[in-house]
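Each remark here refers to the structure printed beneath this line.
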Amino acid sequence: MIKGSVAVLGCGWLGLPLSQNLLAAGYHVYGTTTSPAKLPGLRAAGIQASVLRLPLGDFRQNLIDPLHAREDLLWTADQLVLNVPPARGPEALRQYPGALLSAVLAYRRNMPSGRIVFCSSTGVYGDLTGHVDEDTPLRSPEPRAMMLALAESQIQAQSQRPHVILRLAGLYGAERHPGRYLAGGTDLADGDAPTNLVHRDQVIATIRRYLDAPFWMRVVENVVEDDHRTRRERYTAYAKTEGLPLPSFLPGGANGKVVVSNSNRRGGR
């Protein structure tokens, strides 16, 4: 039985297994990639896939109708998952909030009450230290943190329309085992700083929790594991588990943040 339709913008390392999970659960899935070479594989998986590059049109000139010449079923899905992280480079980062806005406007044009899940990042807290949660003011001057915060605010500005902002911690899982990140590294910094990671499966389960829910309106949630061991402890343990060369860290380096979530305790829906 078809449960409904979900559009997943960004069928990459997270978006593809999410889409496959949704298909197995009975959803019709529209998906996008920036690479035409990936279309056959996505379609073979059962995803109605298309190539999409943001921004859509010139959003600075046409905020009301950025897709005036484009009628795509992608924008008629019941729910939209924005899984498009900022690209590398200062110019791409600067354009990121506007690029996301063009997608949001295209969707809202066709589906004014459609539900949006935005995969943001705990990078929105930038260089803040100590414990941070969803109520922590976003005051970091780091460029990436500022652009993420702006992107979030553009979605939150639609205060009467349903949306979920998921701030994802550092992702790992499957072929991306944390033990490989720093294995064999020497004189690594920030050895005593806390870690903020989350397994891909937990992220997919969290997204599904919202997509499957009968009702929600406006939610911000940090998606992060409770394990905040230091970089020294965690990456050394992972390297041992994988039989990889152990990393070595410089002494000290305790500055950092511990990302926690109070969304579930508050009851966000």
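The values are calculated or read from the model by the stated rules, or taken from the named source; none is laboratory data. Keep in mind the model is a prediction, meaning the values are calculated, not measured. We place every Cβ from the backbone using ideal geometry, glycine too, and count neighbours over all the protein chains shown. Surface areas here come from the heavy atoms of the whole protein model, side chains and all, with no ligands, DNA or RNA. Shrake-Rupley method; radii C 1.70, N 1.55, O 1.52, S 1.80 Å.
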Exercise. For the range 230-240, does any single residue satisfy the condition of being without any contact (Cβ under 8 Å) to a residue 40 or more places away in the chain and in contact with a strand residue (DSSP E or B) (Cβ under 7 Å, 6 or more places away or on another chain)?
Worked result: yes
Seminar exercise, completed: When the range 27-73 is checked residue by residue, the ones that are at pLDDT 90 or above, open to solvent by 50 Å² or more (accessible area, probe 1.4 Å) and part of a loop (DSSP other than H, G, I, E, B) are Thr34
For this session: Considering only residues that are closer than 14 Å to Pro55 by Cβ and aliphatic (A, V, I, L, M), look in the range 99-112 and name the one that is surrounded by the fewest Cβ atoms within 10 Å (Cβ to Cβ).
Result: Ala99
Exercise. Does at least one position in the range 174-194 carry a residue that is at pLDDT 90 or above, under 20 Å from the mean Cα position of the chain (by Cα) and closer than 28 Å to Leu100 by Cα?
Worked result: no
Seminar exercise, completed: Among the residues of the range 84-136, the number that are polar (S, T, N, Q) and closer than 23 Å to Val260 by Cβ is 5
For this session: Looking at (1) over 30 Å from Asp127 (Cβ atoms); (2) assigned to a loop (DSSP other than H, G, I, E, B); (3) open to solvent by less than 30 Å² (accessible area, probe 1.4 Å); (4) not small (Gly, Ala, Ser), find the lone condition where Phe215 falls short.
Result: (3)
Problem set entry | the range 244-265, residues that are over 15 Å from Leu182 (Cβ atoms), open to solvent by 40 Å² or more (accessible area, probe 1.4 Å) and part of a loop (DSSP other than H, G, I, E, B) | Pro251, Ala254, Asn255, Val260, Ser261
For this session: Test Arg139 against the criterion of being at pLDDT below 90 and more than 25 Å from Leu16 (Cβ to Cβ), and give yes or no.
Result: no
For this session: Of the conditions (1) in contact with a Phe, Trp or Tyr (Cβ under 8 Å, 6 or more places away or on another chain); (2) free of Cβ contacts under 8 Å to residues at least 12 places away in the same chain; (3) not hydroxyl-bearing (Ser, Thr, Tyr), Glu175 clears all except one; give me its number.
Result: (1)
For this session: Name every residue in the range 182-208 that is surrounded by 14 or more Cβ atoms within 10 Å (Cβ to Cβ) and assigned to a helix (DSSP H, G or I), in order of residue number.
Result: Arg200, Gln202, Val203, Ile204, Thr206, Ile207, Arg208
Exercise. What residue, among those in the range 74-91 that are more than 23 Å from Ser5 (Cβ to Cβ) and within 17 Å of the chain's Cα centre (by Cα), is surrounded by the most Cβ atoms within 10 Å (Cβ to Cβ)?
Worked result: Pro86
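Could you please find all residues in the range 218-238 being open to solvent by 40 Å² or more (accessible area, probe 1.4 Å) and either in a helix (DSSP H, G or I) or in contact with a Ser or Thr (Cβ under 9 Å, 6 or more places away or on another chain) (or both)?
Arg218, Asp227, His228, Arg229, Arg231, Arg232, Glu233
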Seminar exercise, completed: Flagged pairs (Cβ under 7 angstrom, 6 or more apart or on separate chains; first in the range 80-106, within 12 Å of Leu56 (Cβ to Cβ) and touching a residue at least 24 places away in the same chain (Cβ under 8 Å); second in a loop (DSSP other than H, G, I, E, B) and among the aromatic types (Phe, Trp, Tyr)) are Gly98/Phe59; Leu101/Phe59; Ser102/Phe59
